[in-house]
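S.K.: Shown below is the structure under consideration.
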Amino acid sequence: MRADFIIRGGRVMDPYTGADEIKDIVVRNTRIADPEGEYVECGHIIHADGCIVAPGLIDFHTHIFHEGSGSAIRPDFMISQGTTAAVDAGTAGTVTYESFYKSVIAQSTVRIKGFLTTYSGGQLDFKLCEDFNPELINLARMERVIDKYRDNILGLKIRLSKGVVPDDKALDYLKRVIELADELDERLGTSLRVCVHTTNSPIPASELADCLRPGDIFCHCFQGAGNTIIMENGQIWPGILEARKRGVIFDAANGRGNFGAATAKQALKAGFLPDIISTDLTIDKFNIPPYTKNLPSVMAKYMTMGMNLMDVLNTVTAAPAKIMGMEGKIGTLQPGADADIVILKEKQLSFIQKDFKDEELVSNALLVPQLTMCAGEINFCQADFFL
């Protein structure tokens with residue numbers, strides 16, 4: 001067999017298959033190959049001794065409508081941090097989604113799917129707030145856009161924060177978006193999820209979660225402002241636990257104002273792990289400490305709070321791949337999957353990360369990307385790696 005690359009000697013960690021062993025990964029064309037005992041001819045051997053070889057990281061909550069929003073970053077900037085796929089969390093609305101698709105999604109190496117904000121203009125800038133009044137929803141245009149980009153749009157997004165929605169109408173706004181998703185699914189044969197920004201919501205967390213359907217996203221699940229998922233006794237609200245049993249997805253989506261260290265520590269102590277760990281990256285945070293510098297730093301945050309490495313890797317590979325409808329295609333190193341791969345080296349160093357109240361977490365280790373491969377091509381390599 002002719003191969004393009006062999007990654008040799010690394011610790012292969014793949015939550016999708018459960019693999020955690022030293023073995024070779026063979027890349028042929030755009031996919032991971034299984035030589036099945038064949039002789040492999042290859043001119044490029046990548047020695048990964050002392051490194052972790054993992055599926056390319058998936059950042060499930062980002063803002064990457066670059067030049068269509070004042071808050072967004074260029075998606076391919078994330079490749080150097082090991083990210084090979086991402087979900088845009090509703091930066092575009094029905095009026096701007098086509099531009100987002102043509103100017104960013106279709107032009108990017110990073111694989112991108114997205115949510116559609118129910119406000120037609122999307123999230124235009126930090127100082128411009130969306131209006132989620134259901135009467136302003138352009139339903140006819142929304143239906144056309146979703147029908148056209150059904151393979152790319154995962155669902156609808158709404159932000160339920162005080163100051164963004166009226167306190168006395170927040171629950172009605174949320175219920176209308178969920179009804180809308182059901183209506184569109186019936187008309188179009190889609191399976192739209194609803195992603196809800198829950199930071200400082202006027203609705204109690206259990207009441208909010210009770211509205212959500214299996215597969216909907218309870219976003220910023222460890223936020224610390226106002227109504228959190230934690231009761232006064234430090235336990236998880238029963239309604240949150242019931243929602244998880246029902247199949248609601250809990251995404252950490254850290255950001256700057258959407259992560260409370262106390263909430264996260266209490267939740268993890270109670271055994272409530274996030275289904276997804278993501279960044280909520282925007283231009284004011286990317287590569288800038290101490291809040292959400294990039295996905296590896298957010299991963300380090302959760303390992304600092306006690307999560308084990310395999311569980312953390314699952315939240316940024318196999319779990320988001322399944323929600324994106326790409327299970328077995330990305331987020332795994334199994335033969336036949338697309339060769340989206342990251343080689344990580346664990347470095348011992350001390351650095352500070354902060355939550356929305358500037359409470360500090362001190363991490364002592366960081367997984368640093370050495371090489372990132374997208375669909376079988378090396379798109380990033382540290383200068384002192386693969387010499």
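S.K.: Does the range 25-49 hold any residues that are at pLDDT 95 or above and over 24 Å from M326 (Cα atoms), and which are they?
M.R.: H44, I45, I46, H47, A48, D49
S.K.: Quick check on my filter: what residues within the range 12-35 are closer than 12 Å to A54 by Cα and either crowded, with 20+ Cβ neighbours inside 10 Å or in contact with a helix residue (DSSP H, G or I) (Cβ under 6 Å, 6 or more places away or on another chain) (or both)?
M.R.: V12, M13, D14, P15, Y16, I25
S.K.: For residues that are in contact with a helix residue (DSSP H, G or I) (Cβ under 6 Å, 6 or more places away or on another chain), more than 15 Å from R176 (Cβ to Cβ), crowded, with 21+ Cβ neighbours inside 10 Å and of a type outside the set (V, I, T), tally how many sit in the range 119-160.
M.R.: 0
S.K.: Condition first: touching a strand residue (DSSP E or B) at 6+ places or on another chain (Cβ under 7 Å) and over 16 Å from G215 (Cα atoms). Now tell me which residues in the range 254-286 satisfy that.
M.R.: As a first pass, look at the range 254-286 and keep what is touching a strand residue (DSSP E or B) at 6+ places or on another chain (Cβ under 7 Å): 261, 263, 266-267, 270, 272, 274-276, 278-281.
If the condition is that a residue be touching a strand residue (DSSP E or B) at 6+ places or on another chain (Cβ under 7 Å) and over 16 Å from G215 (Cα atoms), then A261, T263, Q266, A267, A270, F272, S278, T279, D280, L281 are the ones that fit.
S.K.: Being among the basic types (K, R) and part of a strand (DSSP E or B) is the filter here; which residues of the range 94-152 pass it? Give the steps one after another, and end with the answer.
M.R.: We begin by selecting, within the range 94-152, every residue among the basic types (K, R); these are 102, 111, 113, 127, 141, 144, 148, 150.
Residues satisfying the conditions are R111, K113.
S.K.: Can you tell me which residues in the range 294-310 are without any contact (Cβ under 8 Å) to a residue 60 or more places away in the chain and either of a type outside the set (A, V, I, L, M, F, W, C) or in contact with a strand residue (DSSP E or B) (Cβ under 9 Å, 6 or more places away or on another chain) (or both)? Before you say what the answer is, go through the steps one by one.
M.R.: Going through the range 294-310, the residues without any contact (Cβ under 8 Å) to a residue 60 or more places away in the chain turn out to be 298, 302, 305-308.
If the condition is that a residue be without any contact (Cβ under 8 Å) to a residue 60 or more places away in the chain and either of a type outside the set (A, V, I, L, M, F, W, C) or in contact with a strand residue (DSSP E or B) (Cβ under 9 Å, 6 or more places away or on another chain) (or both), then V298, Y302, M305, G306, N308 are the ones that fit.
S.K.: Tell me which residues, restricted to the range 360-387, are within 25 Å of M307 (Cβ to Cβ) and out of contact with any Leu (no Cβ under 8 Å at 6 or more places or on another chain). Break it down stepwise before answering.
M.R.: Initial filter on the range 360-387 (within 25 Å of M307 (Cβ to Cβ)): 360-372.
Across the range 360-387, the qualifying residues are E360, L361, V362, S363, L371, T372.
S.K.: Quick check on my filter: what residues within the range 1-11 are of a type outside the set (D, E, K, R) and buried (at least 16 other Cβ atoms within 10 Å of the Cβ)?
M.R.: Correct list: A3, F5, I6, I7, G9, G10.
S.K.: Right, next: Scan the range 235-243 and give yes if some residue there is more than 19 Å from A209 (Cβ to Cβ), β-branched (V, I, T), touching a strand residue (DSSP E or B) at 6+ places or on another chain (Cβ under 9 Å) and crowded, with 20+ Cβ neighbours inside 10 Å, otherwise no. Spell out the reasoning first.
M.R.: Here is the first cut: in the range 235-243, the residues more than 19 Å from A209 (Cβ to Cβ) are none.
So far as the range 235-243 goes, no, none of its residues is more than 19 Å from A209 (Cβ to Cβ), β-branched (V, I, T), touching a strand residue (DSSP E or B) at 6+ places or on another chain (Cβ under 9 Å) and crowded, with 20+ Cβ neighbours inside 10 Å.
S.K.: Tell me which of these I52 doesn't satisfy, since it passes every other one: (1) farther than 21 Å from E346 by Cβ; (2) surrounded by fewer than 21 Cβ atoms within 10 Å (Cβ to Cβ); (3) modelled with pLDDT of 95 or more; (4) of a type in the set (A, V, I, L, M, F, W, C).
M.R.: Only one criterion in (1) farther than 21 Å from E346 by Cβ; (2) surrounded by fewer than 21 Cβ atoms within 10 Å (Cβ to Cβ); (3) modelled with pLDDT of 95 or more; (4) of a type in the set (A, V, I, L, M, F, W, C) is unmet by I52, namely (1).
The values are calculated or read from the model by the stated rules, or taken from the named source; none is laboratory data. Since the model is a prediction, treat every value here as computed from it, not as a measurement. Counting neighbours? That spans all protein chains shown, and the Cβs are built from the backbone with ideal geometry, glycine included.
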